[in-house]
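The values are calculated or read from the model by the stated rules, or taken from the named source; none is laboratory data. Please read these numbers as outputs of a predicted model, since none were measured by experiment. Note that each Cβ is placed from the backbone with ideal geometry, even for glycine, and that neighbours are counted across all protein chains shown.
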Amino acid sequence: MDFRDEVELLTAQNLAGYKLLIVLRDGFLWPDGYLDENSNAAWHSSGRPQLVSEPAVTPKREIKGFAWMTPEQGRAVQSFVRNGGGALLLHNVTHIGTHNAEFRELLGASYLGHPPVRTFKVRVTNATHPITRGVGDFVVTDEQHYMTYDKDRKHLLLESVNEQGLAFQEHGPSAPAGWAFEYGKGRVCYFSPGHLLTVLWNPEYVKLQQNAVRWLLKQV
């Protein structure tokens, strides 16, 4: 098992010999950092998340970032999974789908955006899949990510729902929040929650992650 944060190391050569790739990463790199803690991570200087009811802070200058995944890297991940590997893709990796066609084809989605941190329910929509078996609905306070979903809806496992009826732009109060499918000889799974550590540690979400790893490794 290896942890890497140098994006240039995601290559076909470095993926060789591994069984599972897990990606929890924004689609852009920000060499100058964020203008304020509230600009993306949704944290005030007090260390608490910005809630949907609070006004956003307007940056004093333009935030500059750039897409890090190259077409070659997207093809490397495609090939890794197509040849039998597993890919667990989390949270804002859908942002990569906005500018990398190869990765979007593998993931099956492209990022649309999200409102400020707010409370929403993660609802299991397919309780018979090995990934969701034994997992109940759960409530989190997190970024509720919205995306364009490209694959067959039969692969959807989860949806996020703001039970107060709060929408995001014209996209309504709910969005796909998890799916899984076969890809060549390999498997792909995506979950949208996970901006805050407290969400990743939610007991039901921990079960989902553990089940997903077993399914991706073809242990179930």
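Side notes on the structure shown:
- Pair list, Cβ under 8 Å, 6 or more apart: region 65-78 residue closer than 18 Å to Tyr183 by Cβ, other residue modelled with pLDDT under 95 and surrounded by 14 or more Cβ atoms within 10 Å (Cβ to Cβ): Met69/Gly27
- In the condition set (1) modelled with pLDDT of 95 or more; (2) surrounded by fewer than 21 Cβ atoms within 10 Å (Cβ to Cβ); (3) part of a helix (DSSP H, G or I), Leu208 is compliant with all but (2).
- Exclusive hit being in contact with a helix residue (DSSP H, G or I) (Cβ under 7 Å, 6 or more places away or on another chain), of a type in the set (Lys, Arg) and within 19 Å of Leu88 (Cα to Cα), set Arg187, Arg153: Arg187
- The residue that is surrounded by the most Cβ atoms within 10 Å (Cβ to Cβ), counting only those in region 123-150 that are farther than 14 Å from Trp215 by Cα and β-branched (Val, Ile, Thr), is Val140.
- Those residues of region 18-39 which are over 20 Å from the mean Cα position of the chain (by Cα) and at pLDDT 75 or above, in sequence order: Tyr18, Pro31, Asp32
- Members of region 96-106 that are part of a helix (DSSP H, G or I) and surrounded by fewer than 22 Cβ atoms within 10 Å (Cβ to Cβ): Thr98, Ala101, Glu102, Arg104, Glu105
- Summed over region 67-77, residues that are crowded, with 21+ Cβ neighbours inside 10 Å and not aliphatic (A, V, I, L, M) total 2.
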